1. Based on alpha-carbon centroids, what's the gap between the stretch 35-60 and the stretch 216-231 in Å, whole number please?
2. Order the peptides 44-52, 300-308 from the highest to the lowest mean number of other Cβ atoms within 10 Å of their residues.
3. Roughly how many Å is it from the Cα centre of the stretch 78-111 to that of the stretch 152-190, as a whole number?
4. Give the residues of the stretch 269-297 whose amide nitrogen is closer than 19 Å to a point set 7 Å from the Cα of residue 224 in the direction of its Cβ.
5. In nm, give the distance between the simple-model label positions of residue 24 and residue 342, each being 7 Å from the Cα along the Cα-to-Cβ direction.
6. Once the piece of chain linking residue 292 and residue 217 is laid out straight, how much longer is it, given 0.36 nm per residue of separation minus the C-alpha distance between them?
7. Based only on other Cβ atoms within 10 Å, what is the fewest-to-most ordering of 360, 115, 108?
8. Ordered by packing density, taken as the mean number of other Cβ atoms within 10 Å over each peptide's residues, highest first, how do 87-95, 177-185 rank?
């Protein structure tokens, strides 16, 4: 009975509760909350460590965390009635990279436009909610802290713009090529994004190198500014702040390399002149020069020319037509110019009583476009013409090969191929015939030394040349009226005469003696060669 009850219970269908959150919804929640939560946790840790290390009161910790959230999104702040419009770019760049990577992981190349829009909306919704909360916190904390509440509209615009751009970049990097093909966009449009980004990054890297070189050149002034921190904690704090603001200085270096002007308080910098003025006393600005060191600074204009040539090379390698290549260069240079203008706008701002610090965004964008498009078009046009000539040459070769394959035959029928008859003849290898090994020679009576036997003799050479004969050569036959036995007797007599003492050879007939001596010398030259016919081998 118990067994049947247990079995009945095991066969009972247990209803499964459906998952309240599907896979797509879970992915959207992660996109909305993961970057925002990570940023808030890191900001809280930094604020608490800073307050504790400086022995400050933790009363305004929540307000400081909310203010840091606005600083992370480039929202201008007001601290003790002094505007702080220039904020570090490095944390913002890291945040945008994280958002872009998170959005790229949840989409596929075949994701529809509607699903992609949901991903971008989720990436914006989470930070937008956090911004509304931060506005309320800062407004409440402004009563006990010297930080004023920022402009709510500007804060919302900055947050939405940063996260929307980052999410859109991540989604487009995955689905962009597919969507362009579906919309009928030019085939080169997705391919020009990489050259544009590469050119912009190259310019930024060049500006960073210029900024670092300036800091190293003025290291004594930078060290003095770091020493004003008042201890290890102060020096460490100034160092961290300088590192965070280093991309802002690099943007100014890019403007200088392009022939523009960078403003640092009351000082304006360019490759052609420097107008000295008051500079904010921060270590990262300690490398700002007060005068031109020499007349060679305009040589640095070759840097954007080289970057533009690289852009043209990248577009020329797309193997497009000349017109499409020119459009690709123009579009890539335009994208790089827009990126430069946007970064220049975010990198600058007001800094208290020192005034504006940064570059003119529109001037930076136009200069970037101009320096990239001119050398880029020149290099890309050369490569495009070369590609077209190569393609024409390949087409010519293909046409020639096709005509050779389908050619009229001698009979005049089209498509028939003429057959050629070849006669193959086999060449027979000649065989070689050698004589048997003779008996060793006796020492001559006149005492001639052994070296004399090695001297070349015409008879020996004639005998060696006569060794290689063809198989079809008939063997010598006995003379008329002479039997084979008599011929053999003559050979034996010749061998016997050759074996006798050479002293007595003078008594024998001259013909037999000369024939025997020639045969002996030929035998010495043959050595121990095999007897009988042998076919030569390789």
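1. After rounding, the separation between the Cα centres reads 27 Å.
2. Descending mean neighbour count gives 300-308, 44-52.
3. Using only Cα atoms, the two centres lie 14 Å from each other.
4. Under 19 Å, as judged by backbone N against the label point of residue 224, lie 276-293 of the stretch 269-297.
5. 2.7 nm
6. 25.7 nm
7. Fewest to most other Cβ atoms nearby, the residues stand as 108, 115, 360.
8. 87-95, 177-185
Every number in this text was worked out from the coordinates using simple rules, so none of it is lab data. On a predicted model such as this, the values are computed, not experimentally measured, just so you know. All Cβ positions, even for glycine, are placed from backbone atoms using ideal geometry, and neighbour counts span all protein chains on display.
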